[in-house]
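This is the structure, below, for whatever I ask next.
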Amino acid sequence: MNDKVEYQHFNFGPFVFYIRLPDNIKERMLADAQDIYDLPTHEYHLAGEIEKQRKYKQETTEWFLQETSNIFQIYRTEHCKFHELPDLPVHYEGGDMWVNFMEAGESNPSHIHGGDLSFVYFLKVPWQIRDEGILQEGRGDAPGRLTFDYTHSSNPPWGTCTKSLEPKEGYMVIFPSMLRHYVTPFKSNVQRISISGNLTITNRDTFPYKTYF
């Protein structure tokens, strides 16, 4: 066929962004996580079936959000490109941020977050969890995976309504807070450590709602 074919494709659905952060951020957040390990649990605020979920101290949260502010602005710019929206200035305010010390058999059931923008930052992902996935039989999500579920299961696979993401140490995933997601359990006697948090748009009234997430 020699005739030139003209076509157009459309990007729609949630924009999910996966990025590696500098090592100094991971080291600081791991150290501060150990400082709060024995504090009272934060789990009654959260959906996770995880025994040890701890709220970070305010100074740690403020430091982290300051260090990563440029990353969230990059997300915003790329989000606007994806959806062909005007990249108008958005200002964020961070709320609580917590660390999940996930042990064998624990999980995080399907849930959404508050705010406008959410993130998960992986601090420690033992190799044993990845090996479990390699040896796993069946077609279910691999152990310890973070899976996003948009509207319904992706069957057939080209529907791409779900995305199972393999956690990598030092990487952060950013996504709209209303995007449903869950974490599958693992069996190995190791500890998987991750951070979760939310951001809220503070200048919501300065431009039309359609330019948000």
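The values are calculated or read from the model by the stated rules, or taken from the named source; none is laboratory data. What you see is a predicted model, and the numbers here were worked out from it, not measured in a lab. Here the Cβ positions follow ideal geometry from the backbone for every residue, glycine too, while neighbour counts run over all protein chains shown. Just so you know, the surface numbers come from the protein's heavy atoms only, side chains and all, with ligands and any DNA or RNA stripped out. Shrake-Rupley method; radii C 1.70, N 1.55, O 1.52, S 1.80 Å.
For the range 1-54, how many residues meet the condition of being assigned to a helix (DSSP H, G or I) and modelled with pLDDT under 85?
Within the range 1-54, residues that are assigned to a helix (DSSP H, G or I) and modelled with pLDDT under 85 number 3.
Results for (1) within 22 Å of the chain's Cα centre (by Cα); (2) closer than 30 Å to GLU62 by Cβ; (3) basic (Lys, Arg), shown as yes or no for each residue.
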{"position": "LYS4", "(1), (2), (3)": "no, no, yes"}
{"position": "PRO14", "(1), (2), (3)": "yes, yes, no"}
{"position": "TYR18", "(1), (2), (3)": "yes, yes, no"}
{"position": "ASP23", "(1), (2), (3)": "yes, yes, no"}
{"position": "MET29", "(1), (2), (3)": "yes, yes, no"}
{"position": "ASP32", "(1), (2), (3)": "yes, yes, no"}
{"position": "ASP35", "(1), (2), (3)": "no, yes, no"}
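Taking ASN108 as meeting all but one of (1) open to solvent by 60 Å² or more (accessible area, probe 1.4 Å); (2) within 29 Å of GLN66 (Cα to Cα); (3) modelled with pLDDT under 90; (4) not small (Gly, Ala, Ser), write down the number of the exception.
If we test ASN108 against (1) open to solvent by 60 Å² or more (accessible area, probe 1.4 Å); (2) within 29 Å of GLN66 (Cα to Cα); (3) modelled with pLDDT under 90; (4) not small (Gly, Ala, Ser), just (1) comes out false.
Show the residue pairs meeting these rules: Cβ distance below 7 Å; 6+ apart or different chains; first residue within the range 155-175 and farther than 25 Å from LEU21 by Cα; second residue at pLDDT below 95 and in a loop (DSSP other than H, G, I, E, B).
Note: pairs meeting the criteria are THR160/SER154; CYS161/TYR150; CYS161/THR151; CYS161/HIS152; CYS161/SER153; CYS161/SER154.
Same structure again: Are any of the residues in the range 47-62 surrounded by fewer than 19 Cβ atoms within 10 Å (Cβ to Cβ) and without any contact (Cβ under 8 Å) to a residue 12 or more places away in the chain?
So far as the range 47-62 goes, yes, one or more of its residues are surrounded by fewer than 19 Cβ atoms within 10 Å (Cβ to Cβ) and without any contact (Cβ under 8 Å) to a residue 12 or more places away in the chain.
Residue by residue through the range 111-129, note down the ones that are more than 15 Å from the chain's Cα centre (by Cα) and surrounded by fewer than 18 Cβ atoms within 10 Å (Cβ to Cβ).
Result: PRO126, TRP127, GLN128.
Taking the options GLU103, GLU78, name whichever one is among the acidic types (Asp, Glu), open to solvent by 40 Å² or more (accessible area, probe 1.4 Å) and farther than 22 Å from ILE201 by Cβ.
Within the list GLU103, GLU78, the selection yields GLU103.
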